[in-house]
Structures are given as C-alpha cells and as structure tokens.
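> One structure is given below, represented as structure tokens, and several questions about it will come after.
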Amino acid sequence: MTGQPPTPPHPPAITPDMTLLDVVAAYPATEAVFRSRDQAAGTCLLCTALFDSIAVAAARHGLDLETLTADLEQAAAGGVARQK
C-alpha cells in the first residue's frame, strides 16, 4: 500500500448523449465505426444523423447502443473497431 486513496475509474470518453459530430470531431478514427454501420442503418449515418446523439441515432436506425458505444470507445483509444 502506498497510503494514497485508490484512483477512481475514468468515465468513458464517449457517452450516448454525445452527438455524432462531437464524437468524430474529437476522435477522427471513429468515422470508420459509423461508416461500418451505414449498411445496417440503411443510410449514411454521418450524412443523416450528424447532429443526433449516439443514443438517438442508434434507436432510430436499429443499432445496438452498447456495442456501438464500445466500438467507438475502442476506436477513440486507437484500437481496431469491429466491422458489422
């Protein structure tokens, strides 16, 4: 023990209330995650939902919010996003 209190966990960098624009502007690597969902959504998400929150876009286009958010966080951290 070092005598210091434990460090609280960091909040996720990307949250469902962020807009797609906010996410892509802050983390350009996340563009590929959104593009990988275009076919499932039936539209270009960055063209039609840019100002929607991740939660609204996921609900509107039938995407799994938890998986989408996790993949966005992974891409933002420099990992490779899973293709859907």
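> Within region 32-45, how many residues are of a type outside the set (F, W, Y) and surrounded by 17 or more Cβ atoms within 10 Å (Cβ to Cβ)?
Matching residues across region 32-45 total 5.
> Show the residue pairs that are 6+ apart or on different chains and have beta-carbon atoms under 9 Å apart, the first residue being within region 39-55 and within 21 Å of E66 (Cβ to Cβ), the second being hydroxyl-bearing (S, T, Y) and crowded, with 17+ Cβ neighbours inside 10 Å.
Note: pairs meeting the criteria are I54/T69; A55/T69.
> When F51 is evaluated against the numbered criteria (1) modelled with pLDDT of 95 or more; (2) part of a loop (DSSP other than H, G, I, E, B); (3) buried (at least 16 other Cβ atoms within 10 Å of the Cβ), which criterion, by number, is the only one it fails?
(3)
The values are calculated or read from the model by the stated rules, or taken from the named source; none is laboratory data. Everything numeric here is computed off the predicted structure, so don't read it as measured data. No Cβ is skipped: glycine too gets one built from the backbone with ideal geometry, and neighbour counts run over all protein chains shown.
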